[in-house]
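Contents: one structure, followed by commentary.
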Amino acid sequence: MNLQITPVTPNLKYVKGKLQFELVDILSIVRKLGTPVYIYSKSQIVENYKNYDEAFSGREHMICFAMKSNSNFEILKIIHRLGGGVDVTSGGEIYRAINAGIKPQKIVYAGVGKTEQEIEFAISKNIFMFNVESKDEVDVIEAKSKSKNKNTKIAVRINPEVRTKTHSYISTGEEGTKFGIPIQDAIEFFKYLKTKKFVTPVGLHFHIGSQITEIEPFLIATKKVVSLIPYINSLGIKISYLNIGGGLGIRYFNETPPSPKKLISTIIKHIPQQIKIICEPGRYIVGNSGILVSKVLYHKKVRTKNFLIIDASMTDLIRPAFYNAYHNIIPVKLPDKIQPMVKYDIVGPVCETSDFLGKQRMLPEIKNGEYVVIECTGAYGFSMSSNYNSRVRCAEVMVDKGRFYTIRDRETYHDLILKEKLTKDNV
Ligand code: LLP
């Protein structure tokens, strides 16, 4: 029998048996633009941003959207209009952010492997702050700042060594990861910074991981890092900023993450009043604001398995293949009559056994040519997509109060070969 099919993504609703996203019929979008296609809800992005922003209720803070989660211009523009900045992780992200209208003074830059060129570029653009992760990196920032006769603000990324219940690939604040300065080496690191003339330490930063759905690890990390402040102050270094890293995890299946208000009100009590807080949510802002729509190409039955072969793959959404991540998958159109459910493995066309979007999913029978929605794919979906198997990357669409518009065209075959050289010898 038909089980109740309930979307996890807010703003995604069945109306007369057909899915609408922010009041737009999904079928009207796919008929016009084809599949696979990413669709984002503008009002959800705005709501999520405001939830975080308002959670600070009066405390001086800056929201720096982690643009690695989704760096589409239109999304960056929404963040910009809401007053947000960005957390970047490469020179390319700085370039992209500035071109989308983000002010350099709202850009913070983290990453263990910033190249000389990237550091030079960031300094020349006058970004707000570097989050530094090693002495070697500080040396390069010092040298580049000196050559430009500029003073560069930095925060030190501390690894607070806290355990998190998330996938090990996206846990960044445990002992032995490549990220940050181990907390026990922090004071010595600040002493080293005192020898630098063109680099000014003004803050502390931590980021303990992604898709964390409980307050405890954030709280432990905050307390540990804040406890360093008096020692750093006693070295004659004033700490004015605390960057608390990424945002909360979201509900993909049955997770019950706390609200930003609950998280922030809990940890803020432990942060001295005079310290300005920076935070870098990515997934929370865009994760449940986006869906991926795909067409069913074929059915295939092998022994006990029913494969639903769809036109989206790991090149469009790598999270299931990479982290065994769960994304709810539902049909765009509900069947007219009650019918038995079928257990499907939903897979893409790519030549890898890891190319699956969902395993053992109970769905009403879906025919070839019909559509499915892969839910909550607004974060680390398109931004991690690739051209593997020479597949073009898909279109992206924004829905906004009943209307929709393309925010990135589907790539073409020509785009795939644009950068390649065909030398005469090879012809
Ligand atoms: N700040 C820093 C320094 C980060 O490294 C990250 C994410 C964030 C902020 C944003 O974290 P969020 O608010 O989105 O949890 N590709 C993985 C996630 C990798 C996250 C890496 N860093 C996934 O698909 O789950």
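The values are calculated or read from the model by the stated rules, or taken from the named source; none is laboratory data. Being a predicted model, the structure only gives us computed values, none of them experimental. A quick note on method: Cβ atoms are made from the backbone with ideal geometry, for glycine too, and the neighbour counts reach across all protein chains shown.
Just a few scattered comments:
- Hits in the range 55-82 - residues which are of a type in the set (S, T, N, Q) and either out of contact with any Gly (no Cβ under 7 Å at 6 or more places or on another chain) or not assigned by TED's automatic domain parsing to the domain that holds Ile268 (or both): Ser57, Ser71, Asn72
- Residue in the range 354-367 that is under 20 Å from Ile170 (Cβ atoms), surrounded by fewer than 14 Cβ atoms within 10 Å (Cβ to Cβ) and either hydrophobic (A, V, I, L, M, F, W, C) or away from the ligand (no atom under 14 Å from the Cβ) (or both) present: yes
- Every residue from the range 251-270 that is part of a loop (DSSP other than H, G, I, E, B) and more than 15 Å from the ligand (Cβ to nearest atom): Asn254, Thr256, Lys269, His270
- A count restricted to the range 174-206 and to residues that are in contact with a helix residue (DSSP H, G or I) (Cβ under 9 Å, 6 or more places away or on another chain), closer than 19 Å to Ile267 by Cα and in contact (Cβ under 8 Å) with a residue 60 or more places away in the chain stands at 1.
- Being under 29 Å from Glu375 (Cβ atoms), assigned by TED's automatic domain parsing to the domain that holds Phe56 and assigned to a strand (DSSP E or B) is a property that Ile158 lacks.
- Residue match in the range 355-373 (condition: within 29 Å of Glu47 (Cβ to Cβ), modelled with pLDDT of 95 or more, under 25 Å from the mean Cα position of the chain (by Cα) and of a type in the set (Ser, Thr, Tyr)): no
- Lone qualifier among Leu248, Leu235, Leu292 - being hydrophobic (A, V, I, L, M, F, W, C) and either surrounded by fewer than 24 Cβ atoms within 10 Å (Cβ to Cβ) or more than 16 Å from the ligand (Cβ to nearest atom) (or both): Leu235
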